[in-house]
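The values are calculated or read from the model by the stated rules, or taken from the named source; none is laboratory data. Keep in mind that this is a model prediction, so the values were computed, not measured. A quick note on method: Cβ atoms are made from the backbone with ideal geometry, for glycine too, and the neighbour counts reach across all protein chains shown.
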Amino acid sequence: MKFAITAVLCSAASAAILPAPNSNLLLPWKEADIYTVMQKNPLEMYTLPEAISGTWLYCQGFNNPSGSRPDGPYKDAQDCLDKHEKKPWLQPDPAFGPCDKRSHYIEEACGTDVYCKQHDVQDDLPVPALFDNSAECFNFYSQPPVSKA
């Protein structure tokens, strides 16, 4: 009898800790281990685990036309992205060099704001230019941090 009561209490405590399977909790965004990813051939890149490939490449693997897909429960790239937090907003980092045409307006140097706005400059797109316009780019990211005035 004591065993049954203990089992019921442990089960109830465990159920209270675990989220419901259909909860709206989003998975965290993960950045790529770019050095490991770049050592793989293009077909292998789509089969890497998210911890190595990062969320964006991992999710894109679910739309891979070659048929090589990562392991995971997603039906396509959008389904995968929808179940993850948005990519975090980056501030400009001078350690990555200047934010200009020579640096191809990389997000690390320019920050998310300039990187996204550059998607609207047709003859001077950032690298990588992953979006059709700045609105699509801004929608991909979490909200910018609130500036302290």
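Before moving on, here are some points about what is shown:
- The residues in the range 50-68 that are touching a Phe, Trp or Tyr at 6+ places or on another chain (Cβ under 6 Å) and either aromatic (Phe, Trp, Tyr) or assigned to a loop (DSSP other than H, G, I, E, B) (or both) can be counted, and the count is 3.
- Of the criteria (1) among the polar types (S, T, N, Q); (2) farther than 16 Å from Leu26 by Cα; (3) exposed (fewer than 14 other Cβ atoms within 10 Å of the Cβ); (4) at pLDDT below 90, which one Gln143 fails: (2)
- Sole exception among (1) closer than 18 Å to Gln60 by Cβ; (2) touching a His at 6+ places or on another chain (Cβ under 7 Å); (3) surrounded by 15 or more Cβ atoms within 10 Å (Cβ to Cβ) for Val127, by number: (3)
- Qualifying residue in the range 29-48 (condition: touching a Cys at 6+ places or on another chain (Cβ under 9 Å), part of a helix (DSSP H, G or I) and in contact (Cβ under 8 Å) with a residue 24 or more places away in the chain): no
- Of all the numbered requirements in (1) surrounded by fewer than 16 Cβ atoms within 10 Å (Cβ to Cβ); (2) of a type outside the set (Val, Ile, Thr); (3) within 15 Å of the chain's Cα centre (by Cα), Phe96 misses one, and that requirement is (3).
- Cβ pairs under 6 Å, 6+ apart, first in the range 63-79 and within 21 Å of Asn41 (Cβ to Cβ) and assigned by the TED database to the domain that holds Leu48, second part of a loop (DSSP other than H, G, I, E, B) and modelled with pLDDT under 85: Asn64/Tyr46; Ser68/Tyr46
- Residue count for the range 99-124, restricted to those that are surrounded by fewer than 16 Cβ atoms within 10 Å (Cβ to Cβ) and polar (S, T, N, Q): 2.
- Hits in the range 16-62 - residues which are among the small types (Gly, Ala, Ser) and modelled with pLDDT of 80 or more: Ala32, Ala51, Ser53, Gly54, Gly61
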